[in-house]
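The structure under discussion appears below in the form of structure tokens.
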Amino acid sequence: MGTPILEKLEKLENKAGSEKYILKNKGGVKGTPNFPLPPLKLKIPFLLESVRETSIKAMSAALKKSSSNGSDESISEIRKLIGPLPEKLAIYCSDAAITRYLKARNWNVKKATKMLKETLKWRAEYKPEEIRWEEVAHEAETGKIYRSNYIDKHGRTVLVMRPSCQNTKSTKGQIRYLVYCMENAILNLPPDKEQMVWLIDFNGYNLSHTSVKVTRETAHILQDHYPERLGMAILYNPPKFFEPFWKVVKPFLEPKTQNKVKFVYSDDPNSKKIMEELFDMEKLESAFGGNDDSGFNISKYAERMREDDKRMPAFWTRGNPQSAEPHVDLNSLDLNSDSDASDNGKVDSSPSHVSDSETLSPSESVIVTKGSDNGSTEVH
């Protein structure tokens, strides 16, 4: 049972059986009557259950305290290694944000610190929070990626992706729009949520939409700068040739990542259950088996995005417990210090790195081929 008390009680229970133990007067107070006690077989189970509950609660509390203390220490250590930051970037040093980087690097403080430093430098250069609708509106015209007007049953933001609706050839522009969508999805997450859902419609998809090289570049941004943001990816009606490709990729994925990817088919009753468990079917669009026939409307979507753009500055100036200094040179961040992580295979994430001559499919944010620190591949 794991504890001496439980073991002794169980032995006593087995010994007692169904016998009745009689308390006899052996030289005690004269006149004390003999009387039977309830069988121990009846009493001990209650004792055992009581002890079990107490033990479980104690162990759970100790484990929770230990885990909390461990994560708190790791978070504090990373903050010290990062140092003071401009207010706009300090928000990325919230407990929740640092925890995502720790999870992405299996709680290795040095690797998580290096990863976070790279993100802070990327954000300072790329300025994703400053991208506005008017800059990327042409990328959204066909509805290839958009934030839905519904959430899943866990309260998570939903990004709809339709890889067959690609309408531009500029990889740089496509990636910038993808980043805009990610930032917008994060903006609309409830305060207690860190992850989103990707709902990917493969209707009309073919091999011409797949580019492994561009996938790696896209994955670098999604994986290294938005770690642990993916709660689940629903691959809706993927073509048959896609499954063998997935089987090749799957062994290289972390188990936790494998569980985030679900194949759903409109003609499969079990798949329908997955959708019903995740979404309110009255709000889910009909393309995914729901009852909402309204479809994507670029004019209405543009209005929503413009309103969100107005909220974005306030989101980045909200109060943050992390003290900040406005004049910090991010170039002074030593990305190679405090880390033993390898940089082999990394791709430059700066805006100038991406070529305009390559084609990017929105779905490729799910098919990741970039290796992680331990040699496996992750989707975040």
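Read the figures in this text as sums done on the coordinates, not as results from a lab. Keep in mind it's a predicted model, so treat the numbers as computed, not measured. Positions of Cβ are generated from backbone atoms using ideal geometry, with glycine treated the same way; all protein chains shown enter the neighbour counts.
Would you please report the Å³ per residue occupied by the convex hull of the alpha carbon atoms in the stretch 91-186? Before the final figure, lay out each step's value.
Values: hull volume 13.0 nm³, N = 96.
Cα-based convex hull of the stretch 91-186, divided per residue, equals 135 Å³.
Distances between placed amide hydrogens fall under 5 Å for THR157 paired with VAL197, all partners being 5 or more residues away or on another chain.
At a 10 Å Cβ-Cβ cut-off, how would you order SER148, SER71, fewest neighbours first?
The fewest-first ordering by Cβ neighbours comes to SER71, SER148.
Against the globular-protein guess of 2.2 N^0.38 Å, express the Cα radius of gyration of the stretch 221-286 as a ratio, rounded to two decimals.
On the way: Rg = 13.6 Å, N = 66, 2.2 N^0.38 = 10.8 Å.
In units of the 2.2 N^0.38 Å rule of thumb, it is 1.26.
Checked against a 18 Å cut-off, the cross-linked pairs LYS114/LYS250; LYS153/LYS283; LYS103/LYS262 give Cα-Cα distances beyond that limit for LYS114/LYS250; LYS103/LYS262.
Each residue in ARG306, ARG79 was given a count of other beta-carbon atoms within 10 angstrom of its own, and listing them fewest first yields ARG306, ARG79.
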